[in-house]
Each structure stands twice: as structure tokens, then as C-alpha cells.
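Encoded as C-alpha cells, the structure appears first; notes follow it.
The values are calculated or read from the model by the stated rules, or taken from the named source; none is laboratory data. All values derive from a computational prediction rather than experimental measurement. Cβ sites come from the backbone with ideal geometry, for glycine too, and all protein chains shown count toward neighbours. Areas reflect the complete protein model, heavy atoms only, side chains present, ligands, DNA and RNA absent. Shrake-Rupley method; radii C 1.70, N 1.55, O 1.52, S 1.80 Å.
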Amino acid sequence: MQTFDSFDGAILIDKPPGPTSHDVVASIRRKFQFEKVGHAGTLDPNATGLLIVLLGKGTKLSEKLMASDKIYEGSAKFGETTDSYDADGEITGSLPLLPMTVDELNQCAETFVGDQMQIPPMVSAIKKDGVPLYKLARKGIEIERKPRLIHIYKFRFTDYQEPIGMFRVACTKGTYVRSLIHDVGQKMGCGAHLKTLRRVSSGRFDVAEALSLDKALELQPKDLALRVIPFLKLSAME
């Protein structure tokens with residue numbers, strides 16, 4: 001097992017679509033034979049972008065790093081709702097689209113900026129009596145979810161080509177972008193679901209600094225060590 005100080009800290013991975021965040025962690029653990037590996041903030045399987053992978057002592061900083069604000073870019077499909085609020089779910093409704101413009105979408109988006117109470121989707125990892133909600137959802141069970149306080153710093157649509165709108169959102173931890181897009185669709189009167197999502201930053205870290213998962217797994221341990229953000233540097237970050 002690798003136990004050198006050079007592997008105490010974090011590496012930045014640009015997660016591809018498909019694997020879960022846990023899959024990414026597991027693949028790095030297997031490749032480099034690390035004892036302790038974790039991450040600082042889950043991405044849904046088909047979401048891409050910045051995943052902070054924690055190594056050794058770095059795993060102690062998981063909660064601190066997860067508390068950082070996030071920026072996402074993505075696309076929304078209007079006219080369809082799904083049970084998971086994203087493209088992975090079953091379609092639950094379909095409505096004809098009226099002509100919409102980017103300006104109209106941004107007028108709607110602006111109403112979500114600031115503090116708000118957000119109801120998490122049923123298809124989520126939040127637990128009820130120790131059971132993840134997504135497992136209950138698969139059985140057709142829906143339970144009441146407690147709203148959570150979140151803050152949206154900025155939310156803008158950058159393009160709209162019917163039925164797809166491109167957006168960028170800056171928000172606090174714990175924000176479900178799927179729920180945000182679902183709520184926009186409800187407010188626009190046509191329904192919507194999240195089509196794609198990419199995390200571009202978390203706190204001080206940007207996806208531009210990240211390694212693709214494939215590239216990371218091709219590295220030799222000594223080369224990976226050069227990409228590790230040291231534990232002491234992480235600890236000192238506000």
C-alpha cells in the first residue's frame with residue numbers, strides 16, 4: 001500500500017459520464033493500492049466535471065471541502081418532466097411548447113436567485129430511516145421530503161434552441177440542479193428536466209486544473225504524486 005506523505009491530499013479528476021463518484025474512487029484505489037480514498041461531493045453518474053478525490057489524510061477534509069460553493073453548466077429540455085427530474089428518469093408528463101426566448105427564461109431564472117427552500121427529488125441519496133430515497137422511488141413509494149435552505153448566487157440561460165436551453169448556475173452546497181430545472185419548467189408552464197450537467201468549479205478548484213480519469217489511471221505513482229494538492233495546503237484553505 002502507498003503510505004507516503006506525498007499521497008496525503010487531493011487530486012482533481014474530470015469525471016466522465018457513466019461511472020458513479022464511488023466508481024471513480026474505487027478505480028483509483030485499485031490502480032494505486034491506496035488504503036484511504038474518498039471524494040468531496042457526489043456527482044450523478046451521467047454528470048461530468050470536477051470531482052475532488054481525497055487521498056490518505058485528505059479524507060479527513062471531506063466535510064470542509066464539500067461545504068464549498070459550486071458552479072455548474074448544463075442543459076435543460078423543456079416540454080417533458082421525468083420522475084428523477086433528469087434524463088435518466090421515466091417521462092411523467094409532456095406538454096406542447098409555446099415560443100420562448102432566452103430573455104424570458106432569464107426572467108424566470110432571476111426569480112430563483114437568493115435564498116430559497118428547495119425540496120429534494122425522490123430519486124436522491126438522501127436517507128429515510130436508513131434507506132436511500134432512490135430505493136423507495138424504484139418501488140413506487142413517494143414520501144414527504146423536508147425542504148432545505150439553499151442559496152443561488154447566479155442563474156442564467158445562455159442559449160435556447162427549442163426544446164433545449166443552456167444554462168450556468170452558481171450555488172451553495174446541497175443544491176439539486178435537477179430540482180431547480182424542474183421548478184423552472186413548472187414556472188414556465190411547460191415542464192422541464194435536466195438533460196446534461198457539468199461541475200466546473202468547487203470552492204477554489206476549477207475543472208480546467210483536473211485530469212481526465214483515463215489519464216490519471218495511466219500515470220505512474222511518482223507522476224501522480226506531482227498532481228497531489230498537499231494536505232497542509234488543503235487544511236489552510238478557507
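How big is the antiparallel share of DSSP beta bridges in the chain, given as a percent to the nearest 5? Bridges in the chain are about 90 percent antiparallel.
Classify the stretch 1-70 as rounded, prolate or oblate, taking a ≥ b ≥ c as the square roots of the eigenvalues of its Cα gyration tensor: rounded when a/c is under 1.5, otherwise prolate if a/b is larger than b/c and oblate if not. Write out the running numbers ahead of the final one.
On the way: a/c = 2.42, a/b = 1.29, b/c = 1.87.
Oblate is the answer for the stretch 1-70, as a/c is 1.5 or above yet b/c matches or exceeds a/b.
For the stretch 1-105, what does the relative contact order come out to in percent, with C-alpha contacts under 8 Å and a separation of six or more? Averaging sequence separation for qualifying contacts and normalising by length gives 24 percent for the stretch 1-105.
Residue 110 label point, 7 Å along Cα→Cβ, cut-off 15 Å on backbone N: hits in the stretch 154-176? Within reach of a label on residue 110, which here means backbone N under 15 Å from a point 7 Å along Cα→Cβ, the stretch 154-176 contributes 154-158. Near residue 46, the amide H atoms lying under 5 Å from its own belong to 18; only residues 5 or more places off or on other chains count, and H is placed 1.01 Å from N. Would you please classify the overall shape of the stretch 82-122 from the alpha carbon gyration tensor, given that a ≥ b ≥ c denote the square roots of the eigenvalues, rounded means a/c under 1.5, and beyond that prolate means a/b larger than b/c while oblate covers the rest? Note, shape of the stretch 82-122 comes out oblate. Restricting the stretch 149-225 to trypsin sites (Lys or Arg not before Pro) that sit in a DSSP loop and have at most 13 other Cβ atoms within 10 Å of their own Cβ leaves 204.
For residue 117 and residue 90, calculate 0.36 nm times their separation in residues minus their Cα-Cα distance, and state this gained length in nm to one decimal. Provide the component values of the computation, followed by the final result.
Numbers: separation 27, 0.36 × 27 = 9.72 nm, distance 2.54 nm.
This chain segment gains 7.2 nm when fully extended.
Measuring spread by the Cα atoms of the chain yields a radius of gyration and Dmax of 19.0, 60 Å. The C-alpha atoms of the stretch 9-147 occupy a region whose extents along the principal axes are 54, 37, 28 Å, arranged from largest to smallest. Excluding residues fewer than 8 places away in the same chain, name every one of the lysines whose C-alpha is closer than 24 Å to that of residue 222. Within the straight-line cut-off, residue 222 pairs with 15, 31, 36, 57, 60, 233.
With a cut-off of at most 12 other beta carbons within 10 Å, and DSSP calling the residue loop, which GluC sites (Glu not before Pro) in the stretch 1-93 qualify? Please list them.
Values: sites: 35, 63, 73, 80, 90; in loops: 35, 90.
Counting only loop positions with at most 12 other Cβ atoms within 10 Å, the GluC sites (Glu not before Pro) in the stretch 1-93 are 35, 90.
At a threshold of 8 angstrom on Cα-Cα distance, excluding pairs fewer than six apart, so keeping six or more, what relative contact order does the stretch 85-238 reach in percent? Dividing the mean separation by the residue count of the stretch 85-238 yields 24 percent. Counting only protein heavy atoms and a probe of 1.4 Å, the accessible surface of the chain is 52% carbon and sulfur. Rounded to the nearest 10 degrees, the inclination of helix 177-188 to the longest alpha-carbon principal axis of the chain is 10 degrees. Accessible area per residue for the chain is 53 Å², calculated with a 1.4 Å probe on protein heavy atoms, without ligands, DNA or RNA. Using equal-weight Cα scatterers in the Debye expression, the normalised intensity of the stretch 44-106 in log10 at q = 0.13, 0.27, 0.29, 0.30 Å⁻¹ is -0.62, -1.20, -1.24, -1.26.
Between 126, 52, 150, the Gaussian network model of the chain with springs among Cα atoms under 10 angstrom shows the greatest mean-square fluctuation at 126.
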